[in-house]
Amino acid sequence: MSLIGHLVTASAMAWCYLDLNDIGVLDAGASLSQAFLDANDGVFYSHHAIALVALGIVLGARGPDRLEIPTFNWYRRTRQSLIPHRTLTHWPPFWVFLTWLAWTGSEHSLDYVSAAWSSTFLGFCAGSWLHLAMDIMTPMGIPLLLPFGKRTSLNIYKTATLGEGACVAVFLAVLVFFAKTS
Ligand SMILES: [Zn+2]
């Protein structure tokens, strides 16, 4: 999926999550700044956690791609990365482990800073799961069994085509329907 596609779907997911928690986007923005201002009094409110999870979801839009540590080779005009593209960071068991870490961290946070970090990290994992779901639908697919092994693809759309636009539109429609009927 293209950069725009990942950003739009993750932003929509963050909006849906906020809506299910009866928090508007503007209120979430206010909660975020308040979360940092309130850090000194040490009380971590649930609306801080919700706003930080939503922020994490947007940050995770390209999480699996970013964790590959990409660079751009100006000479060859191609993208390169330290970890080969769509291998370890696009392997579901890797995210099962990171999600477990984030969940455990949020359950056992000892102070404000660790609670804030683990909430954001949990959202980041959710955004990254969405990224994997979007990537498995492209012809290149993602590895399911071994991180550097054969990739599996559902072959539903090709990146940066009308098919991708249609897939994003369907996803947005489902989210809006889900948010408005819940
Ligand atoms: Zn990817």
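Would you confirm whether any residue within the range 94-113 is among the small types (Gly, Ala, Ser) and under 30 Å from THR138 (Cα atoms)?
yes
Mind checking which residues of the range 58-101 are of a type in the set (S, T, N, Q) and over 20 Å from LEU130 (Cβ atoms)?
THR71, ASN73, THR78, GLN80, SER81
It is to be established whether one or more residues within the range 90-113 are under 28 Å from VAL168 (Cβ atoms), at pLDDT 95 or above and touching a Lys or Arg at 6+ places or on another chain (Cβ under 9 Å).
Yes, there is a match, as at least one residue in the range 90-113 is under 28 Å from VAL168 (Cβ atoms), at pLDDT 95 or above and touching a Lys or Arg at 6+ places or on another chain (Cβ under 9 Å).
Write out, first by first residue and then by second, each pair whose Cβ atoms fall under 6 Å of each other, whose residues are 6+ apart or on separate chains, and whose first residue, in the range 136-155, is charged (D, E, K, R) while the second is within 13 Å of the ligand (Cβ to nearest atom).
Note: pairs meeting the criteria are ARG151/GLY141; ARG151/ILE142; ARG151/PRO143.
Residue pairs, Cβ under 6 Å, 6 or more apart or interchain, first in the range 86-112 and of a type in the set (A, V, I, L, M), second not in a helix (DSSP H, G or I). List them.
From residues that are of a type in the set (A, V, I, L, M), the pairs are LEU88/PRO147.
Output the residues belonging to the range 113-169 that are away from the ligand (no atom under 16 Å from the Cβ), more than 20 Å from GLY5 (Cα to Cα), outside any helix (DSSP H, G or I) and not basic (Lys, Arg).
LEU145, LEU146, GLY149
Considering only the range 85-98, state which residues are surrounded by fewer than 18 Cβ atoms within 10 Å (Cβ to Cβ) and not aliphatic (A, V, I, L, M).
Result: HIS85, PRO92, PRO93, PHE97.
Taking the range 71-96 as the search range and keeping residues that are within 16 Å of the ligand (Cβ to nearest atom) and of a type in the set (D, E, K, R), which one is farthest from GLY24 (Cα to Cα)?
Step by step, filter the range 71-96, then rank; the result is ARG79.
Would you tally the residues in the range 1-51 being more than 16 Å from the ligand (Cβ to nearest atom), among the hydrophobic types (A, V, I, L, M, F, W, C) and in contact (Cβ under 8 Å) with a residue 12 or more places away in the chain?
16
Yes/no per residue for (1) of a type in the set (Gly, Ala, Ser); (2) surrounded by fewer than 21 Cβ atoms within 10 Å (Cβ to Cβ); (3) assigned to a helix (DSSP H, G or I):
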site: THR9; (1), (2), (3): no, no, yes
site: ALA14; (1), (2), (3): yes, no, yes
site: GLN34; (1), (2), (3): no, yes, yes
site: ILE83; (1), (2), (3): no, yes, no
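Would you call PHE124 within 30 Å of LEU37 (Cβ to Cβ), modelled with pLDDT of 95 or more and not hydroxyl-bearing (Ser, Thr, Tyr)?
Answer is yes for this residue.
When the residues of the range 100-112 are filtered to those that are assigned to a helix (DSSP H, G or I) and of a type in the set (S, T, N, Q), which remaining residue is surrounded by the fewest Cβ atoms within 10 Å (Cβ to Cβ)?
That would be THR104.
Out of the residues in the range 16-32 that are surrounded by 12 or more Cβ atoms within 10 Å (Cβ to Cβ) and among the acidic types (Asp, Glu), state the one that is farthest from HIS131 (Cα to Cα).
It comes out as ASP27.
Would the range 52-70 turn up any residue that is loosely packed, with under 14 Cβ neighbours inside 10 Å, assigned to a loop (DSSP other than H, G, I, E, B) and away from the ligand (no atom under 16 Å from the Cβ)?
No - not one qualifying residue is present in the range 52-70.
Go through (1) under 20 Å from GLY60 (Cα atoms); (2) hydrophobic (A, V, I, L, M, F, W, C); (3) touching a Phe, Trp or Tyr at 6+ places or on another chain (Cβ under 9 Å) one by one and return the number of the condition TRP103 breaks.
Going through (1) under 20 Å from GLY60 (Cα atoms); (2) hydrophobic (A, V, I, L, M, F, W, C); (3) touching a Phe, Trp or Tyr at 6+ places or on another chain (Cβ under 9 Å) one by one, TRP103 breaks only (3).
The values are calculated or read from the model by the stated rules, or taken from the named source; none is laboratory data. Just so we're clear, the structure is a prediction, and the values are computed from it rather than from any experiment. Glycine gets a Cβ as well: all are built from the backbone with ideal geometry, and neighbour counts include every protein chain shown.
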